[in-house]
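Participant: What follows is a single structure, and I will ask about it in a moment.
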Amino acid sequence: MPLDQAFVGRRYPPTAPYEIGREKIREFAEAIGDDNPVYFDPEAAQALGYPDVIAPPTFPIIITMRAAAQIVADPDLGLDYSKVVHGEQSFRYSRPVQAGDVLQVHVSVEGIRSAAGNDLLTTRAEVTTVDGEHVVTALSTIVARGTAGE
């Protein structure tokens, strides 16, 4: 079944606050094989003007995926997740994520389009501090294979 175009522009409630810890940043950096000292050593980060260690650029995927689950799990959208593959991902930063940040995510449906029998769902995740400071916008496109022609 094709995805419901009426979902374009739909916004979902913000996620619960998520506190960014040094250890979580370290674990993520190790998992992706990035040994940049600003991810591990507070003094290295402070030498570059940051108050604490910063996170690798793709780190926000941890919290944006949780937020996007609200869209994916919405039964009215008509998405069969067993047919989904990841299409694209991008991050637009105002500043790096850093240890000590308490972040929340507001997610919305940016677009739905059909191409070659597939539905492409693009989501926008606005990551802010709980005080409202913008940190990063994450855009993600997933492809629902073979659903557009059903």
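Since every read-out is calculated from the coordinates, none of them should be taken as a lab result. Because the structure is a prediction, the values reported are computed rather than measured. Please note: Cβ atoms are built from the backbone with ideal geometry, for glycine as well, and neighbour counts cover all protein chains shown.
Participant: State all residues of the stretch 124-150 that are over 13 Å from the mean Cα position of the chain (by Cα), surrounded by fewer than 18 Cβ atoms within 10 Å (Cβ to Cβ) and assigned to a strand (DSSP E or B); if no residue qualifies, say none. Outline the logic, then answer.
Facilitator: Step one: list which residues in the stretch 124-150 are over 13 Å from the mean Cα position of the chain (by Cα), which gives 129-134, 143-150.
Right, trim to surrounded by fewer than 18 Cβ atoms within 10 Å (Cβ to Cβ) and you get 129-134, 145-146, 149-150.
Listed by number, the residues that qualify are T129, H134.
Participant: Right, something else. What is the number of the single condition among (1) of a type in the set (V, I, T); (2) surrounded by fewer than 18 Cβ atoms within 10 Å (Cβ to Cβ); (3) over 17 Å from the mean Cα position of the chain (by Cα) that V53 does not meet?
Facilitator: The failed condition is (2).
Participant: Test of understanding: among T123, T147, which residue is within 27 Å of I54 (Cβ to Cβ) and not aromatic (F, W, Y)? Before the answer, list the steps.
Facilitator: Numbers: T147 fails: within 27 Å of I54 (Cβ to Cβ).
Selected residue: T123, the only one of T123, T147 that is within 27 Å of I54 (Cβ to Cβ) and not aromatic (F, W, Y).
Participant: A further question on this structure: Picking from L103, L79, L121, which residue would you name as being among the hydrophobic types (A, V, I, L, M, F, W, C) and not in a strand (DSSP E or B)? Walk me through how you get there before you give the answer.
Facilitator: Values: L103 fails: not in a strand (DSSP E or B); L121 fails: not in a strand (DSSP E or B).
Answer to the selection: L79.
Participant: Do the conditions hold for V72, that is, is it surrounded by 14 or more Cβ atoms within 10 Å (Cβ to Cβ) and either among the acidic types (D, E) or within 17 Å of the chain's Cα centre (by Cα) (or both)?
Facilitator: Values: surrounded by 14 or more Cβ atoms within 10 Å (Cβ to Cβ): yes; either among the acidic types (D, E) or within 17 Å of the chain's Cα centre (by Cα) (or both): yes.
Criteria met by V72.
Participant: What pairs come out if I take residues in the stretch 3-21 that are assigned to a helix (DSSP H, G or I) and pair them with residues that are of a type outside the set (S, T, Y) whose C-beta lies under 8 Å away, six or more apart or interchain?
Facilitator: Cβ pairs passing all conditions: Q5/I112; F7/I71; F7/D74; F7/D76; F7/L77; F7/V109; F7/I112.
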